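Report on one structure; see the data block that follows.
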Amino acid sequence: MNITQTVDIPVSRKLTIDVPPGVPTGRVIISYEPVEPRPRKQRKLGCLKGQIWMADDFDAPLEDFKDYM
């Protein structure tokens, strides 16, 4: 049986591995294979320009809260 999990090694350097049900108990071999981080895509500034707006009466009192004011 071969199970592959990708885990992040924390600063404490202690790993917790979830073993699926049905896997028998006993000794296992754990191998280490570093994963190269994917390069982040360059963000394009202003890509949402003109798609977000705020109503002119945004700060106006709401009718629902008239009794509380």
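Readers should treat all values here as calculations from the given coordinates under stated rules, not as data from a laboratory. Computed from a prediction, not measured in an experiment: that's the story for all the values here. Because the Cβ atoms are built from the backbone with ideal geometry, glycine has one as well, and the counts that use them run over all protein chains shown.
Taking only the alpha-carbon atoms of the stretch 6-64, what semi-axes of the equivalent ellipsoid follow from 5 times the gyration tensor eigenvalues under a square root, in whole Å, largest first? Please list the in-between numbers first.
Values: eigenvalues 514, 97, 27 Å².
Square roots of five times the eigenvalues give 51, 22, 12 Å.
Identify, among Ala60, Thr6, Gly46, the residue whose Cα sits farthest towards the positive end of the charge dipole of the stretch 2-69, taking +1 on the Cβ of Lys and Arg and -1 on the Cβ of Asp and Glu, with the dipole about the Cα centre.
Ranked along the dipole, the leading option is Thr6.
Say each of Lys14 and Ile29 gets a label point 7 Å from the Cα, pointing the same way as Cα to Cβ; how far apart are those two points in nm?
Those two pseudo-labels are separated by 2.8 nm.
Given labels modelled 7 Å from the Cα in the Cβ direction, how far is it in nm from Trp53 to Lys41?
2.7
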